[in-house]
1. Among the residues of region 7-22, which ones are out of contact with any Gly (no Cβ under 9 Å at 6 or more places or on another chain) and of a type in the set (A, V, I, L, M, F, W, C)?
2. I want to confirm something. Restricting to region 49-58 and keeping residues that are in a loop (DSSP other than H, G, I, E, B) and in contact with a strand residue (DSSP E or B) (Cβ under 8 Å, 6 or more places away or on another chain), which single residue is modelled with the lowest pLDDT?
3. Is it the case that region 59-67 has a residue that's more than 11 Å from the chain's Cα centre (by Cα), at pLDDT 95 or above and polar (S, T, N, Q)?
4. Applying the selection to region 1-18, what residues are touching a strand residue (DSSP E or B) at 6+ places or on another chain (Cβ under 6 Å), charged (D, E, K, R) and farther than 9 Å from ASP55 by Cα?
5. Give me the residue from region 18-48 that is at pLDDT 90 or above and small (Gly, Ala, Ser) and, out of that set, nearest to PHE58 (Cα to Cα).
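The values are calculated or read from the model by the stated rules, or taken from the named source; none is laboratory data. No experiment lies behind these values; they were computed from the predicted model shown. Positions of Cβ are generated from backbone atoms using ideal geometry, with glycine treated the same way; all protein chains shown enter the neighbour counts.
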Amino acid sequence: MGREARLRPASTGRYPGIRPGEWISAALLADRVLVLWLLQGSVAVLRGRLLPEADFEFRGGSTRGGERAGLRMLAGIA
């Protein structure tokens, strides 16, 4: 089984369109969060995890590879 994640109910307001409590692939959920930020026009520089443990629960798989090793600008943003 691969790594799965679900949104904590208390964090629902920060992630519109993502249902709390539903276990899905952590990679797919990270893609959804990134798309959400892009659609909202976020120009933030990303560092660390797209799915912070304060907002998401995890199960299965490995925790390796989820952390970004530096700063990355969102595509098309200078």
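1. Scanning region 7-22 gives ALA10, ILE18.
2. It comes out as LEU51.
3. no
4. GLU4
5. Selected residue: ALA26.
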